[in-house]
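Since the structure comes first, as structure tokens, the remarks are kept for the end.
Rule-based calculations on the coordinates, nothing more; no lab input. In this text the structure is predicted, and so the values were computed from the model without any measurement. Here the Cβ positions follow ideal geometry from the backbone for every residue, glycine too, while neighbour counts run over all protein chains shown.
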Amino acid sequence: MAKSNNAKIKTLYVVSRAGFAIAMRGEMWAKALESYLMEEGKKATEYVVDIGNKEGVEVEPVIISGRTPADGITGFATKTI
């Protein structure tokens, strides 16, 4: 659908706050978790970009951190509409 309409796609990954992880395991552990999740987000969005490139569709990766997934998604959608 995007290809036939010459549309650009945005792929979104939200890394949520590590508040619970800090409370349970400590700040160093939470920072390591956040770093891991950021790397996973990068891999996931790059995967979508690669598929788009193979199909001739432009895909913009977006990673948001420090928000809950629900807040990140709705905030992103509100700003991009």
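Using 0.36 nm times the number of residues separating Ala7 and Glu55, minus their current alpha carbon distance, what extension gain do you get?
Numbers: separation 48, 0.36 × 48 = 17.28 nm, distance 1.22 nm.
Working it through step by step, the gained length comes to 16.1 nm.
Above 15 Å lies some portion of the pair distances; for the chain, what is it as a whole percent of all C-alpha pairs?
On the way: 2034 of 3240 pairs.
The calculated P(r) of the chain puts 63 percent of pairs beyond 15 Å.
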**Request:** Quick one: angle between helix 27-55 and the longest Cα principal axis of the chain, in degrees between 0 and 90, rounded to 10, please.
**Result:** 10 degrees
**Message:** Give me, ordered by chain and number, the residues 5 or more places off Ser65 or on other chains with an amide H under 5 Å from its own placed amide H.
**Reply:** Val15
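Quick check for me: using +1 on Lys/Arg Cβ and -1 on Asp/Glu Cβ, what's the dipole size of region 9-80 about its Cα centre, in debye to the nearest 20?
Working: 9 positive and 10 negative charges, 52 e Å.
So the magnitude is around 240 debye.
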**Message:** Rounding to the nearest 10 and keeping the result within 0 to 90°, find how far the Cα-based axis of helix 69-80 lies from the longest principal axis of the chain.
**Reply:** 40 degrees
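Please give the length that would be gained between Lys31 and Thr78 if that part of the chain were fully extended, namely 0.36 nm times their separation in residues minus their C-alpha to C-alpha distance (nm, one decimal). Show your work: numbers first, answer last.
Working: separation 47, 0.36 × 47 = 16.92 nm, distance 2.85 nm.
Roughly 14.1 nm would be gained on extension.
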**Complete:** Of 1-8, 44-51, ordering from highest average Cβ density within 10 Å down gives 44-51, 1-8
